[in-house]
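See structure below.
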């Protein structure tokens, strides 16, 4: 049941973040599709949530943070993704490359590095069961 709430949080936050971005900047918005959610059986109190993030050409996500306990692993499935997490420099990750976000990190830049090709990113979250919302856009 808790995982249903996490999944609902993923969907709601993705929609809110996309809506806020679209209203404030008129930039193409990302589409977030939950792909997996469940408790980790051999790690009591921890859950895994995965989502496919699809960026249209020029698409971006607003700056954001994830749930306080969330460790995030991101794998670029196709295209190229521009990212800046915490104090690290902005970087472009291409298909087959990955990066991670420690719990509590600020994700200041996240978007498609191309204005002509789409990009897809698989985001995998390991977090305390019931920790939500999964993503909170900056005010």
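The values are calculated or read from the model by the stated rules, or taken from the named source; none is laboratory data. Treat the numbers as computed from the prediction; the structure is a model and nothing was measured. Here the Cβ is made from the backbone with ideal geometry for all residues, glycine too, and neighbour counts use every protein chain on show.
Before moving on, here are some points about what is shown:
- Given (1) within 13 Å of the chain's Cα centre (by Cα); (2) closer than 13 Å to residue 30 by Cβ; (3) in contact (Cβ under 8 Å) with a residue 40 or more places away in the chain; (4) buried (at least 20 other Cβ atoms within 10 Å of the Cβ), index of the condition residue 83 fails: (3)
- Test: residue 42 is under 28 Å from residue 128 (Cβ atoms) and modelled with pLDDT of 95 or more: yes
- Residue within the stretch 61-78 that is more than 13 Å from residue 124 (Cα to Cα), crowded, with 19+ Cβ neighbours inside 10 Å and over 12 Å from the mean Cα position of the chain (by Cα) present: no
- Residue identified as surrounded by 15 or more Cβ atoms within 10 Å (Cβ to Cβ), under 13 Å from the mean Cα position of the chain (by Cα) and under 12 Å from residue 76 (Cβ atoms) among 99, 125: 99
- Any hit, the stretch 112-122, residues being in contact with a strand residue (DSSP E or B) (Cβ under 9 Å, 6 or more places away or on another chain), surrounded by 14 or more Cβ atoms within 10 Å (Cβ to Cβ) and over 19 Å from residue 28 (Cβ atoms): yes
- Only listed residue being in a loop (DSSP other than H, G, I, E, B) and in contact with a helix residue (DSSP H, G or I) (Cβ under 9 Å, 6 or more places away or on another chain), chosen from 96, 130, 104: 130
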